[in-house]
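Taking it in order: structure first as structure tokens, then the write-up.
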Amino acid sequence: MPVPVMNLKAQYATIKSEIDAAVADLFTNQSFILGPIVDGFEKEAAAYLGTKHAIGVDSGSDALLLCLWAMGIKPGDEVIVPAFTYFATAGAVARLGATPVFCDVEADSFNIDLKDAAKRVTKKTRAIMPVDLYGQCADMEGVAKLAQAHNLTVIEDAAQAFGASRNGKKAGTSCHFGIYSFYPTKNLGGAGDGGMVSTNDDALADMVKLLHTHGERPRYFNKVVGMCGRLDAIQAAVLRVKLKHLDQWNSRRAEIAKLYDKRFTGHKKIKAPVVSRGNTHIYHQYTLQVGDGASTKPRDELIAKLTEKGVGSMIYYPVSLHRQECFAHLGQKEGTLPVSERLSRSVVSLPMYPEMTDAQVNEAAEAVLASV
Ligand SMILES: Cc1ncc(COP(=O)(O)O)c(C=O)c1O
């Protein structure tokens, strides 16, 4: 039985009638830009997250940009970003002409290493962007301490962690801003690009709203230069339906992770993911470390064997951000962020989606165990 790494069609099949009705309703009303469906989704998302504001935007990438922009981040400013994350976290900083300063991550949680981050604070540092990689929160209490000590803005990149929590607080809700992505393969995924900014601060929410509609207030009167960064109503229509199912889907992801854990924990050649204390992990990804990360060979050999057996896998991410070509001018050489570099050579994510059957989970696990 082939086991794909994800299966969006399987999810659609379970909610087809609800999605089709929501989209048909939108087409009947022809209210495609902002309006009641986007408002409704924003209210429901804010209630789910427990924040005062949740602002729908056009992507997770632009959600990051809008937060930095709202804080006035500009050329000459430095922003601390973990090197082991998706490109968008650092890309947003660079798009404003500011400098991403990469720090290392922890080998267990894959999240920001605050001791390393602290060493990288300078007089120019304005913000820090912890990422909740693969679906579990970074050490947000530790981030808050560091940020308070140096008067930094905190933007939590919870693109992969909608619904995850830490010590009772939802991902993205215990700092200045949380951002989320609704890219279709995310645990809360739309029918195209989409994203969100959450905050409890009225003034910051107002600035993000202003910037995401070209700084217009009222219509055709532009107070500041902004961008066209709105969430499409068709995405909001789909996401409203999916939000109702999210907790159940996230729980199933955690069940699948438990089944994998049973097979992999304590294995000599592979390392199962570790959940940090206080975290409820939503397993956007279930990611193993294969080998010691000195080379990609053990990981690549495993992937080749899994592919032969019809079991999907993905590498998130094969290049640590400080080693990306576009950031070469920053001069962070090979060896400067050893954990991120090692992880980029050793991680592999296994099939993970709520509709997977236990038999498929076992099949994927067997294939891994037979291939290492
Ligand atoms: C950690 C992280 N940040 C930001 C983003 C950007 O989100 P989007 O693809 O919606 O622009 C992603 C999406 O892959 C992500 O995984």
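None of the figures in this text is laboratory data; all of them are computed from the coordinates on show. Fair warning: this is a prediction, and the values are worked out from it, not measured in the lab. Virtual Cβ from ideal backbone geometry, glycine too; neighbours counted across all protein chains shown.
Can you list residue pairs whose Cβ atoms sit under 8 Å apart, with the first residue in region 283-308 being over 16 Å from SER109 (Cα atoms) and the second being polar (S, T, N, Q) and part of a loop (DSSP other than H, G, I, E, B)? Count only pairs 6 or more apart in sequence or on different chains.
From region 283-308, the pairs are GLU301/SER371; LEU302/SER313; LEU302/SER371; ILE303/SER313; LYS305/SER371; LEU306/SER313; LEU306/SER371; THR307/SER313.
Which is away from the ligand (no atom under 16 Å from the Cβ), within 22 Å of the chain's Cα centre (by Cα), over 23 Å from ARG252 (Cα atoms) and surrounded by fewer than 22 Cβ atoms within 10 Å (Cβ to Cβ), of ASP139, ASP206, ASP202?
When all the criteria are applied, what remains is ASP139.
Going by the conditions given, is GLN160 polar (S, T, N, Q) and away from the ligand (no atom under 11 Å from the Cβ)?
Working: polar (S, T, N, Q): yes; away from the ligand (no atom under 11 Å from the Cβ): no.
So GLN160 does not fit the description; no.
Find the strands (runs of 3 or more DSSP E) located wholly in region 55-131 whose residues include 2 or more that are crowded, with 24+ Cβ neighbours inside 10 Å and touching a strand residue (DSSP E or B) at 6+ places or on another chain (Cβ under 9 Å), and list them.
The qualifying strands (runs of 3 or more DSSP E) are 78-82, 99-103.
Taking the criterion of being polar (S, T, N, Q) and within 16 Å of the ligand (Cβ to nearest atom), would at least one residue in region 48-58 satisfy it?
No, region 48-58 has no match at all.
If you check ALA117 against the conditions, is it within 12 Å of the ligand (Cβ to nearest atom), of a type in the set (A, V, I, L, M) and closer than 23 Å to HIS284 by Cβ? Working first, answer last.
Values: within 12 Å of the ligand (Cβ to nearest atom): no; of a type in the set (A, V, I, L, M): yes; closer than 23 Å to HIS284 by Cβ: yes.
So ALA117 does not fit the description; no.
For (1) farther than 27 Å from ASP157 by Cα; (2) of a type in the set (Val, Ile, Thr); (3) within 16 Å of the ligand (Cβ to nearest atom), each residue gets a yes or a no:
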| position | (1), (2), (3) |
| --- | --- |
| HIS267 | yes, no, no |
| GLY291 | yes, no, no |
| ILE303 | yes, yes, no |
| LYS309 | yes, no, no |
| ALA328 | no, no, no |
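Confirm whether LYS16 is within 30 Å of THR287 (Cβ to Cβ) and among the basic types (Lys, Arg).
no
Within region 315-340, track down each residue that is more than 16 Å from THR287 (Cβ to Cβ) and in a helix (DSSP H, G or I).
Correct list: LEU321, HIS322, ARG323, GLU325, CYS326, PHE327, ALA328, HIS329, LEU330, PRO338.
Listed here are the residues, each with its yes/no results for (1) part of a strand (DSSP E or B); (2) of a type in the set (Phe, Trp, Tyr); (3) touching a residue at least 60 places away in the same chain (Cβ under 8 Å).
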| position | (1), (2), (3) |
| --- | --- |
| LEU204 | no, no, yes |
| TRP249 | no, yes, yes |
| ARG263 | no, no, yes |
| GLY266 | no, no, no |
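Can you give me the number of residues within region 282-314 that are part of a loop (DSSP other than H, G, I, E, B) and either surrounded by 14 or more Cβ atoms within 10 Å (Cβ to Cβ) or not polar (S, T, N, Q) (or both)?
13
In this structure, is SER181 within 21 Å of VAL38 (Cα to Cα), in contact (Cβ under 8 Å) with a residue 24 or more places away in the chain and either away from the ligand (no atom under 16 Å from the Cβ) or out of contact with any Lys or Arg (no Cβ under 6 Å at 6 or more places or on another chain) (or both)? Step through it out loud before you land on a result.
Numbers: within 21 Å of VAL38 (Cα to Cα): yes; in contact (Cβ under 8 Å) with a residue 24 or more places away in the chain: yes; either away from the ligand (no atom under 16 Å from the Cβ) or out of contact with any Lys or Arg (no Cβ under 6 Å at 6 or more places or on another chain) (or both): yes.
Yes: the conditions hold for SER181.
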